[in-house]
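The values are calculated or read from the model by the stated rules, or taken from the named source; none is laboratory data. If you're wondering where the values come from, they're calculated on a predicted model, not measured in any experiment. All Cβ positions, glycine included, derive from the backbone under ideal geometry; neighbour counts span all protein chains shown.
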Amino acid sequence: MIKNDIKSLFIAGRRWFQKLYGNTYHTVAVTINGETTHSQMTYGYGEQYLQTAHAMLQKMGLFVDCNYWDFVLWMREHREIAAHTVSDVGREKDLR
């Protein structure tokens, strides 16, 4: 699959802040053309979930020819088919 084959791309991130140690973790669900893939729990805060999604897409053979910033630019240029959202959850088990 190449970028031109993408009819829809949706990235849903979830972040959890570990109060005891002050760390933030996230998970990502990437849905391409109706098929969803999930990431493992990963350390990272802010928009790190987008970098995780980019890495997941590269492992699938997509966006291998562009870096993270080119990927973000592609998402902005293709808002009619590409979207992302993130939510903060209160418990670690809500990341799954």
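Structure notes:
- Residues of the stretch 30-49 that are surrounded by fewer than 19 Cβ atoms within 10 Å (Cβ to Cβ) and not in a strand (DSSP E or B): Asn33, Gly34, Ser39, Gln40, Met41, Gly44, Tyr45, Gly46, Glu47, Gln48.
- When Leu20, Leu57 are screened for being within 18 Å of Ala83 (Cβ to Cβ) and either at pLDDT below 95 or not in a strand (DSSP E or B) (or both), only Leu57 passes.
- Within the set Thr52, Thr27, the sole residue that is of a type outside the set (D, E, K, R), part of a helix (DSSP H, G or I) and buried (at least 16 other Cβ atoms within 10 Å of the Cβ) turns out to be Thr52.
- Per the conditions (1) assigned to a helix (DSSP H, G or I); (2) within 24 Å of Lys93 (Cα to Cα), the sole criterion not satisfied by Phe71 is (2).
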